[in-house]
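**Student:** Input: one structure, supplied below.
Derivation of every value follows stated rules applied to the coordinates shown; laboratory data play no part. Predicted model only: the values in this text are computed from it and were never measured. Heads up, the Cβs are rebuilt from the backbone with ideal geometry, glycines too, and the neighbour counts pull from every protein chain shown.
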Amino acid sequence: MREESRFGSRNECTTIRDRIEAFVLEDVAPREAVHIERHLARCAACRETVHEERKLFALLAQALEPQQPPPDVLLNVLRRVDGSERARRSWSAAVGMAVSAAVAAAVVFMIQPTDAATLARALGSPEVAVINLFAAVDSPLTSHYEYRTQSRFELDDSVGRILFNVTSGEWQLVVHGLPRPPHGARYVLSALIDREDKELGTIERWTNGVAVLKGRSPDVDLTRTERLSLTLVSADSRLRLLESVDGAW
Amino acid sequence: MAENETALDRALQPGRSDPEADLLARMAANDEAALVALYARAAGAIHACCLRILDDPEEAKDVTSETFWRLWSRASSYRPEHCSAMAWIMTVTRRLALDRRRSLTRRGRAHDRLRCEPPPREPAHGDPIARREIAAALNRLPPGDRQLLETAYFGGLSGAQIAARDAIPLGTVKSRMRAALARLRISLHRGKP
């Protein structure tokens, strides 16, 4: 056959070398690619040439000025990784995840944060107590004796609200649609005050797509906060994910 | 030892200290923190490549996300003895971005949108020293060389397509490409301290 003769043993290296740029740029037909790969498997010299050219071409991309993607790119990847990991662990876990995701999605879509009773019925989880507290911010029974305020996070389908009690310094953040943090990483809430990021705390609980952070920062005057941010922190990286879009303190 | 020498050597010579390769190995073992770390190091370069090829922020964003998913799910297929991790990562990125562009072209959507504005600048990630040196090496090439390489790499044009576009024989395209790569190799080594 013609293909076989093109890659005959006598002039094999010469023929392959003529096609290496096309091979590296993936500009060869699948059948020809298989032929070249077979040759490379037994020819160290041609293999080295391919590696060298692949490296040189890749440098073209590495020379570009880096462009940081929007933060929801990472969130989407983490959601997908989280989903695949759970599916990998067991089939039943995968079923559970689908149900949980459906419930969480329904909660995000249908329920206002102040609708605590509906939220409790939908979630049926320990987070309800926390969210009930959060939801009480607009309750006429509590708002008259405590000054509380909220700031809002918004990023695609990740939406969150923070509640801060000025008197006690307690704060609480609930974010819907946030993927579970990867193993070895954690979410950190920070407040920008006087041009300095002050770390307030890390995530406490994450269930069914609802992340809950709460803490007490009596030494930090959160009323002077210019911006709140949520950062994903691991041993070797820090990635800012969410920033408050309104700071109505 | 100058710090930038190490940075360029890493780009040129697989097998030397390669943090991205270490991260890929950890990702192959399902270490999710390694994925976050790789994102911190490589997202800027990957997204820049997607923007360059696709010229569309939304599509570039989507392909960047798809690239990280691919890197995560196929990290075990990376062979450090073959090439540097960044070379492999950019090969995966380019392939996905070109596939997307071809798909868009087939659907008649390519170039319908305005040229993208650069997104707000974030703190630079990755290895700026190595990047600057690589860019300098590219800048030392004759303009025709660089244009040819970039047309083939980012434009995804085959040798035959370039030959047809420029009305020159395919053999000439091949020889020019080979000569451009050889000059890039020399230029990279000439830039080393």
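**Student:** Mind giving me the nanometre distance, one decimal, between the label points for residue B:182 and residue B:165, set 7 Å out from Cα along Cα→Cβ?
**Tutor:** For the pair residue B:182/residue B:165, the computed spacing is 2.4 nm.
**Student:** In whole Hz, what ³J(HN,Hα) sequence does segment A:60-68 give by Karplus (6.51, -1.76, 1.60; θ = phi - 60°), x for Gly and Pro?
**Tutor:** After applying 6.51 cos²θ - 1.76 cosθ + 1.60, I find 4, 6, 5, 7, 5, 5, x, 10, 6 Hz.
**Student:** I would also like to ask the following. Net charge near residue A:40, counting Lys/Arg +1 and Asp/Glu -1 over other residues with Cβ under 10 Å of its Cβ? Intermediate results must be reported in sequence, preceding the final value.
**Tutor:** Working: positive: A:38, A:42, A:47; negative: A:37, A:48.
Computed value for this residue: +1.
**Student:** Within a 10 angstrom radius of the beta carbon, how do A:219, B:31, B:22 rank from fewest other beta carbons to most? Write out the running numbers ahead of the final one.
**Tutor:** On the way: A:219 7, B:31 18, B:22 15.
Ascending Cβ contact count within 10 Å gives the list A:219, B:22, B:31.
**Student:** Order by neighbour count: A:53, A:196, fewest other Cβ atoms within 10 Å first, most last.
**Tutor:** Values: A:53 20, A:196 8.
Lowest to highest Cβ neighbour count: A:196, A:53.
**Student:** What list do you get for B:134, B:46, A:203 if you sort them by fewest beta carbons within 10 Å?
**Tutor:** Values: B:134 27, B:46 34, A:203 20.
Listing B:134, B:46, A:203 from fewest to most nearby Cβ atoms yields A:203, B:134, B:46.
**Student:** What is the percent of Cα-Cα separations in segment B:127-193 that go past 16 Å? Could you put the intermediate results ahead of the total?
**Tutor:** Values: 1073 of 2211 pairs.
Considering segment B:127-193, 49 percent of its Cα-Cα pairs are separated by more than 16 Å.
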